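Have a look at the structure below, then the notes.
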Amino acid sequence: MKQIKCFLLIAMLMAATTVSAQYTQDNPNVEYMFKVEVGYLHNVGNYGSPENKAVPNKPNLKEVGYRFNSYEEAMGINIINGVNISQDFFLGGGVGYSFCAPMRPAHFDKSSHMAQVFVDMDFRPVGDIWAPMVGARIGGSFLMNPNNYGNTISPYAEVYAGINWFYDHALQQMNRNYHSLFAEVGVVLEQQTVFIPIRVGWRW
């Protein structure tokens with residue numbers, strides 16, 4: 001619970017910093033930018049060993065590592081704050097939260113909780129109302145509920161591609177990058193598990 005409270009505090013501070021920056025910037029070549037996205041993470045495989053060794057002091061249990069079972073899916077949210085450079089390139093830092101549970105069949109009482117901290121970068125040419133996007137993220141993932149051997153931290157890596165829709169045409173003509181909606185799909189590697197994320201988001 002303490003980890004969740006800390007995560008929410010960091011997210012609120014990031015959002016507050018971004019809102020303040022939006023009203024003070026005056027250089028369109030280097031813009032502060034805020035992104036929020038939600039989505040579904042489909043579990044496609046594990047690369048960890050399903051059974052390694054006996055758990056210390058618990059000889060009747062086996063250490064199963066911190067990978068997820070193949071029937072555990074996830075729903076997640078990311079909040080990202082950063083700088084847009086020359087309209088096309090974004091670089092920032094983000095935090096994420098994922099709720100994981102067996103979905104086939106659904107058993108929400110057996111849920112897991114993950115937090116992510118990462119560096120996010122994407123390339124997004126803005127020559128039209130519709131614009132393609134490619135990006136990558138790298139950081140760390142923290143599993144907040146214990147399994148046989150406790151909470152775990154693992155590397156977090158993601159590559160993704162998507163498309164942006166600049167729905168505010170007036171702002172686009174002013175060479176500003178705010179107010180776009182986007183959809184993306186990618187590959188995530190964390191906690192000895194590979195996920196396929198499918199997300200939608202808002203960029204401001």
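The values are calculated or read from the model by the stated rules, or taken from the named source; none is laboratory data. These numbers were taken from a predicted model, which means no experiment stands behind them. Ideal geometry is used to build each Cβ from the backbone, glycine not excepted, and the neighbour counts take in all protein chains shown. Side chains are part of the model used for accessible areas, which takes the heavy atoms of the whole protein and leaves out ligands, DNA and RNA. Shrake-Rupley method; radii C 1.70, N 1.55, O 1.52, S 1.80 Å.
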If you check every pair at least six apart or on different chains, which have Cβ atoms under 9 Å apart with a residue in the stretch 178-203 that is under 21 Å from SER154 (Cβ atoms) and in a strand (DSSP E or B) first and a residue that is open to solvent by 20 Å² or more (accessible area, probe 1.4 Å) and of a type in the set (Lys, Arg) second?
THR193/ARG67
Scanning the stretch 93-118 for residues that are in contact with an Asp or Glu (Cβ under 6 Å, 6 or more places away or on another chain) and crowded, with 21+ Cβ neighbours inside 10 Å, which turns out farthest from TYR32 (Cα to Cα)?
CYS100
Per-region count, the stretch 96-127, residues more than 14 Å from the chain's Cα centre (by Cα) and under 16 Å from ARG203 (Cα atoms):
4
Of the residues in the stretch 119-144, those that are open to solvent by 20 Å² or more (accessible area, probe 1.4 Å) and within 22 Å of ALA157 (Cβ to Cβ) number 11
So in the stretch 62-92, with the set limited to residues that are among the hydrophobic types (A, V, I, L, M, F, W, C), open to solvent by less than 20 Å² (accessible area, probe 1.4 Å) and under 14 Å from the mean Cα position of the chain (by Cα), which one is modelled with the lowest pLDDT?
ALA74
Enumeration of residues in the stretch 149-177 that are outside any strand (DSSP E or B), open to solvent by 60 Å² or more (accessible area, probe 1.4 Å) and either at pLDDT 70 or above or under 30 Å from TYR47 (Cβ atoms) (or both)
TYR149, TYR167
